[in-house]
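None of the figures in this text is laboratory data; all of them are computed from the coordinates on show. If you're wondering where the values come from, they're calculated on a predicted model, not measured in any experiment. A quick note on method: Cβ atoms are made from the backbone with ideal geometry, for glycine too, and the neighbour counts reach across all protein chains shown.
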Amino acid sequence: MTAPRPLPRLDADNRPFWTGGEVGELRIMRCRDCGTFLHPPRPVCRHCLSENVGPEVVPGTGVVDTYTVNYQKWHPAMDVPFVIARVALDGAPGVYLTTNIVGCPAESVDVGDRVRVRFEQHEDVWLPLFEKIA
Amino acid sequence: MSLSNEAYITGVGQSQIGVKLARSPLLLTVDAVKEALDEAGLSIGQIDGVSTYPGRVAQMLGFSPIGADELIDALGIRATWYAGGGEISSQLGAVVAAATAVRAGLARHVICFRTVYEAAALSRPDEFPMPRRDRVDGFSQWTAPFNALSAANWTAQYAMRHVKKYGLKREQLAQIALTDRAHAALNPRALVREPLSMDEYLAARMISSPLCLYDCDRFTDASTVLIVSAGTAVNEVRCTPIRIAAMAGTVERHSWDQAEWTASYATGRDLWTRTDYRPKDVDTVQFYDGFAFYALTWFEALGFCGIGEGGQFIEGGRRIALDGELPLNTFGGQIGAGRLHGFGFAHEAVTQLRGKGGARQIKKADPRLAIATSGGGPLATALLLARD
């Protein structure tokens, strides 16, 4: 049995991010005045303090900036090992996502690997998981 | 330098350190308070301030069961200033707050405490229930959905960058745990009294690569107290006062995954802008090691070696042993002595500067200067402590 993943509570700020996968879009909040990408999403720009911000679709590809292979069962139903990675997103400078690299052996992931988003729906949330680009 | 405007750590105290202790967390705190008062020669009536991290956390009582206000009421303290909360630069931020308060004249003698009850609470879920949440929010929403549930996972990713970018080897990182455990064997209060060998370390199971079982502290029940006294009141204590020569603390993005560096690096840089002392003047370091990798980063962050050179700096372990040039975590750190959560490092720095380390006292004669740190993820604090 695979343990259910804890899911985010949706609100006005995070809904575009967590539901973009329904239409295949990875959306990152961006300031429309100065262009800075803002993650986690907030209703104000951390660079110029503008409130003229909104979600922008990014390519959905990126690079493994760092990662870890988790071996510890944090609860009994957890399947291990699995890869937790920090992905630097293409087209959104300075933004990283914590995610899982799926669809390959855990031992085969490395820093610098090119990856592409693969959404996985859980209830009303589309989790942006990533897989290696062959 | 006007010494009357300085802040000092005077009495320090600690309860027993254990796992699944029956004694209540308030009484463990009282044990540590009494020991600290006794060392300082102060009475509870002379205490007029209380500071703690992170205050009572109702959703996670084992993590922090006692708040400042409860201790004030329980001990009949007449507080002219107090504070307790988690939104500060990690555990020793509570000491920074107290030092700032006594320098501002808001209090004369402040009890700073950190009480942990994580092992006992886990074993008594009826008394210490874990809340069930349908959904996660705040910072957790960016990690928990990907089963990055533990700080071990978040920390491991910083450690992996050191492995890949700077060539950090397991045999190098091992020196933190090996040193901790060697020193803990000399500390009668330490949770784990048996030394650890390199072979045992290398054979340990991985928790979250590159961190293995022995790179992690574990749930502990204990309380640690540090009394921070004003320069104008320090003549009232009978123990040797230890001056807080400089302090620094910051946050590096609130989330654990958007920052390139842990907060220790900015904190380390800030510390040296606030003092004329230099790293070469330091006699011993007590570095936060909730995960061993943090201790390694503090050597880099505080300029004892270059960025990325921490692994080479501690390689072989000679340099950071009791008789080395820079003894580390002489009480055993959190990996050896138990997860005291930040306060153990300042407690030990004071103990060493007073020459009271007993079997674990560093071999240098007349130590004058020590550093104690806490945190190392997105939050960090460093204290430079001096015996004048």
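Okay, here's what the table says:
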{"quantity": "Average other protein chain Cβ within 10 Å of Cβ, residues A:62-75", "calculated": "6"}
{"quantity": "Out-of-range pairs (alpha-carbon distance over 28 Å; input A:Lys73/B:Lys164; B:Lys165/B:Lys363; A:Lys132/B:Lys164)", "calculated": "B:Lys165/B:Lys363"}
{"quantity": "Residue-wise HN-Hα coupling along the range B:74-83, computed from phi with Karplus coefficients 6.51, -1.76, 1.60 (Hz; x: Gly, Pro)", "calculated": "5, 9, x, 6, 9, 8, 8, 7, 7, 7"}
{"quantity": "Kirkwood hydrodynamic radius of the range B:82-161, Cα pairs, Å", "calculated": "16.3 Å"}
{"quantity": "10 Å-binned pair-distance histogram of the range A:15-132 (Cα, whole percent)", "calculated": "14, 39, 33, 12, 2"}
{"quantity": "Dipole in debye (nearest 20) - the range B:44-187, about Cα centre, beta carbon charges: Lys, Arg +1; Asp, Glu -1", "calculated": "680 debye"}
{"quantity": "For chain B, size of Cβ-based charge dipole, Lys and Arg +1, Asp and Glu -1, in debye", "calculated": "300 debye"}
{"quantity": "GluC sites (Glu not before Pro) restricted to the range B:61-138 and DSSP loop, no more than 15 other C-beta within 10 Å", "calculated": "B:Glu87, B:Glu127"}
{"quantity": "Cα-based shape type of the protein assembly as shown, given that a ≥ b ≥ c are square roots of the gyration tensor eigenvalues and the cut on a/c is 1.5", "calculated": "prolate"}
{"quantity": "Order of B:Thr155, B:Thr220 - criterion: other Cβ atoms within 10 Å of each residue's Cβ, fewest first", "calculated": "B:Thr220, B:Thr155"}
{"quantity": "Chain B - percent relative contact order, Cα under 8 Å, separation 6 or more", "calculated": "24 percent"}
{"quantity": "Interatomic Cα distance distribution for the range A:58-106, bins of 10 angstrom, percent", "calculated": "26, 44, 23, 7"}
{"quantity": "Chain B: translational diffusion in µm²/s, Stokes-Einstein, Kirkwood Rh over Cα pairs, 4 °C, 1.567 mPa s", "calculated": "63 µm²/s"}
{"quantity": "Average beta-carbon neighbours from other chains, 10 Å sphere, peptide B:131-139", "calculated": "3"}
{"quantity": "Dipole of the range B:127-268, positive end: most advanced residue of B:Pro195, B:Val234, B:Ala245 [Cβ charges, Cα centre]", "calculated": "B:Ala245"}
{"quantity": "Cross-link reach list, lysines versus B:Lys356, counting only Cα pairs under 21 Å and skipping chain neighbours closer than eight places", "calculated": "B:Lys34, B:Lys364"}
{"quantity": "Charge dipole of chain B about the Cα centre (unit charges at C-beta), most positive-ward option of B:Gln59, B:Gly290, B:Pro145", "calculated": "B:Gly290"}
{"quantity": "Globularity ratio of the range B:135-242, using Cα Rg and 2.2 N^0.38 Å", "calculated": "1.50"}
{"quantity": "Net charge contributed by nearby residues that have their C-beta within less than 13 Å of B:Ala301 (K/R +1, D/E -1)", "calculated": "-3"}
{"quantity": "Net charge, B:Gly13 excluded, C-beta distance under 10 Å - Lys, Arg +1, Asp, Glu -1", "calculated": "-3"}
{"quantity": "Helix-only [θ]222 nm of the protein assembly as shown, DSSP H runs n ≥ 4, -39500 (n - 2.57) each, per residue, nearest 500", "calculated": "-6500 deg cm²/dmol"}
{"quantity": "Ratio of Rg to Rh over the range B:189-262 (Cα coordinates, Kirkwood Rh, two decimals)", "calculated": "1.12"}
